[in-house]
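Engineer: Sharing a structure with you now.
Just so it is clear, none of the values below were taken in a lab; they were calculated from the coordinates. Being a predicted model, the structure only gives us computed values, none of them experimental. Using ideal geometry, Cβ is built from the backbone for each residue, glycine included, and neighbour counts are taken over all protein chains shown.
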Amino acid sequence: MEFTLMEHKNLVKVVIPDWKKNNSVLGYHAPCQKDTGFFFFPVASVSELISIEKCSELDIVLDLWLNTVYHDERVQGSAKGPVVYFRNNTGNPVVSYTDLSERWGISKAGVSRLLKKLQELGYITLCTFSGNQGSAIYLNGYLSTMFQISDVPIDKEEIAFTLKVKLRNETIPHVSKESSRVSKLYIQIIISKLTQVLSVKGFSCFQCPYLSYKLYSYLTCVGEIYYILEVYCNRSGKLWFWEIYLE
């Protein structure tokens with residue numbers, strides 16, 4: 001493939017010699033609009049070019065786009081949204097700032113500043129996990145740009161649950177040690193979701209540090225599972241119950 005550029009009133013001819021080799025067959029139809037188009041690029045070539053020298057912000061954004069996957073059964077968390085995965089053969093998209101620093105040729109502080117900037121601008125959703133477990137990067141607007149379909153909302157708590165890690169700086173309610181067989185992480189996710197719903201209804205007590213929780217699972221005679229959430233206020237002695245059905 002070859003094309004011509006106009007640079008300072010001079011014509012510059014650019015040739016991509018391995019275009020046919022890397023773009024011989026496309027297994028799906030992906031329309032390309034005039035102002036929102038995209039192109040396919042060999043992943044091996046991306047890794048080679050990105051490691052030559054210090055990356056600019058544009059280099060890094062392109063690197064994120066070219067390494068994003070969605071609904072790939074080989075990549076954990078990709079069913080929850082378009083996730084950046086650097087093909088390390090682990091199937092795990094979680095990456096550390098140290099790895100990104102080495103990949104992009106910038107400091108870890110620079111990686112942190114850039115990812116925060118991209119998140120504030122709405123380009124990415126950054127899921128940062130506690131301790132040294134790393135982060136997962138989800139690309140906003142990927143599906144609407146690449147495939148002209150609706151983008152999916154990124155739920156950080158669902159992603160953390162899928163990857164079996166804990167989000168950093170999340171507010172975790174106190175969960176009674178005497179809880180049922182339901183896992184503690186599962187209880188925290190359900191409580192967090194229920195808090196959002198009940199806060200809209202005017203029930204703000206879920207933010208109170210004096211509450212403790214128990215979650216019991218039950219199996220009906222027709223094989224359906226439902227849960228009873230028991231909420232107890234250690235200060236007032238009040239007790240609430242919610243019956244929950246999950247989809």
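Engineer: Report the local net charge at P82: Lys and Arg +1, Asp and Glu -1, summed over other residues whose C-beta lies under 13 Å from its C-beta.
Structural biologist: -1
Engineer: Now for a separate question. What FRET efficiency would be calculated for the residue pair S150, A79, taking the C-beta separation as r and a Förster radius of 22 Å, to the nearest 0.05?
Structural biologist: My answer for the efficiency is 0.90.
Engineer: Something else: Between K54 and T98, what is the FRET efficiency for a Förster distance of 22 Å, r being their Cβ-Cβ separation, to the nearest 0.05?
Structural biologist: The value I calculate is 0.85.
Engineer: Quote the FRET efficiency, to the nearest 0.05, computed for N89 versus L198 with a Förster distance R0 of 51 Å and r equal to the Cβ-Cβ distance.
Structural biologist: 0.70
Engineer: Shifting gears a bit: Using 0.36 nm times the number of residues separating K108 and E230, minus their current alpha carbon distance, what extension gain do you get?
Structural biologist: Contour length minus the Cα-Cα distance gives 39.5 nm.
Engineer: Order these peptides, 63-76, 124-137, by their mean beta-carbon neighbour count within 10 angstrom, highest first.
Structural biologist: Highest to lowest by the protection proxy: 124-137, 63-76.
Engineer: Let me ask something additional. Of K54/K156; K214/K238; K166/K238; K116/K156, which sit over 21 Å apart, Cα to Cα?
Structural biologist: The pairs that break the limit, which is 21 Å between Cα atoms, are K54/K156; K166/K238.
Engineer: Further question: For I124, which sequence-distant residues (separation of 5 or more, or a different chain) have an amide H within less than 5 Å of its own amide H, given hydrogens modelled in the peptide plane?
Structural biologist: Here Q119, N140 satisfy the definition.
Engineer: Follow-up. Each label point is 7 Å from the Cα along the Cα-to-Cβ direction; what then is the distance between the points at S130 and Y216, in nm?
Structural biologist: The two pseudo-label positions are separated by 2.8 nm.
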